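A quick write-up on the structure given underneath.
Read the figures in this text as sums done on the coordinates, not as results from a lab. Values in this document were obtained by computation on a predicted structure and should not be read as measured data. Here the Cβ positions follow ideal geometry from the backbone for every residue, glycine too, while neighbour counts run over all protein chains shown.
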Amino acid sequence: MTVYEAELVVDRRDVAADGVLALTLRHPLGEELPAWEPGAHIDVLLGPDLERQYSLCGDPADRHVWRIAVLREPDGRGGSAYVHGQLAAGDKVRVRGPRNHFALAAAPRYRFVAGGIGITPILPMLAAAEAAGAQWTLLYGGRTRNSMAFTEELARYGDRVRIAPQDETGLLDLDMALADPAPDTLVYCCGPGPLLDAVEERCAVWPKGALHVERFEPKAQEAGENTEFEVVLERSGHTLTVPADVSVLDTVRAAGVEVLYSCTEGTCGTCETDVIEGTPDHRDSVLTDEEREAGETMLICVSRCAGKRLVLDL
Ligand code: FES
């Protein structure tokens, strides 16, 4: 599968909220960009070993610009500092994608929950839900009102959007938003880990598959002990040993097999690989419970083998 990769130009650089920049990116020759659906993200290649994922938060119908929003994270690993401190309008930046592990499934009703910069993938979902004539509500939390991006754009939706800054109203009232499972209703949530954990807890009583989340940080999970196993790469004909302290991704790369990857922490989905035989020990933060059970794909940057041997489509 060929993934689009290009050098785009930063067309605009707008302050979307305290500590949040919205960037619009264009092709330098005005070429159309690949189509995308709400929930999609792109990899932004900010420098050697500095690659970050950002959700597309503009209008999918506009094929000439992509919009992303970047939160300044003082304790981050350098990506947001680079964007805020050095990336100027007119600069070029390499991007890859789009990719979507948070697609909006068709439903008559939605409950959206966003925390902070987690509003970005939700924003185009609201427009899509609206265009499809669905009933929906959004509960949107943030530290302070000024730190919450795109509140002006959300104003057009009236009281379907509840803006809840923590310093005014405290923590999001998830019990009220999610206490009663509603029929034919899907829940979409994006935000910091503790918010997603709390939403997952509330949605445990909802029908299977009702909740869809996207994580920017790896989910804390109990992983079993790492053991050595064998991995067979069906297409390239390699049989490799994955040592207990090395990932499948690193093992495959060390054998000289090209594979796309980005975050290396199981959140972006770039390294998703088809499993032909064997049972993966899933340790990612991307796949749904159903996808984990099906075992047809795995994220090879973090996931391992539940047995002794995996056969992968590589
Ligand atoms: S590289 Fe991001 S999930 Fe594996």
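Annotations
- Residues whose placed amide H lies under 5 Å from that of residue 188, excluding near-sequence neighbours: 111, 112, 113, 212
- The long axis of helix 193-202 is offset from the longest Cα principal axis of the chain by roughly 80 degrees.
- Taking amide hydrogens as placed 1.01 Å from N in the peptide plane, the amide H of residue 18 sits under 5 Å from those of 147, 148, each at least 5 positions away in sequence or on another chain.
- Rounded to the nearest 20 debye, the dipole magnitude of the chain is 700 debye, with +1 charges on Lys and Arg beta carbons, -1 on Asp and Glu beta carbons, and the Cα centre as origin.
- Phi-based couplings in Hz for the range 41-47 (Karplus 6.51, -1.76, 1.60; Gly and Pro marked x): 10, 10, 8, 10, 8, 8, x
- Cα centroid separation, the range 1-49 to the range 217-285 (Å): 28
- Between the listed residues 113, 251, 149, the Cα displaced farthest toward the positive end of the dipole of the chain, a dipole computed from Cβ unit charges relative to the Cα centre, is found at 149.
- Distant-in-sequence amide contacts of residue 238, defined by a placed amide H-H separation under 5 Å and a gap of 5 or more residues or a different chain, comprise 233.
- Coupling constants for the range 81-98 follow from the phi torsions by the Karplus curve (6.51 cos²θ - 1.76 cosθ + 1.60, θ = phi - 60°), and in residue order they are 5, 5, 4, 6, x, 10, 7, 10, 4, x, 5, 9, 8, 8, 10, 9, x, x Hz; glycine and proline get x.
- Each residue of the range 147-154 is assigned a 3J(HN,Hα), and the resulting list reads 8, 9, 6, 6, 5, 5, 5, 7 Hz, derived from the Karplus form 6.51 cos²θ - 1.76 cosθ + 1.60 (θ = phi - 60°), x at Gly and Pro.
- The alpha carbons of the chain give a radius of gyration and a Dmax of 20.1, 60 Å, in that order.
- Between helix 119-131 and the chain: long-axis angle, C-alpha atoms, 0 to 90°, nearest 10: 70
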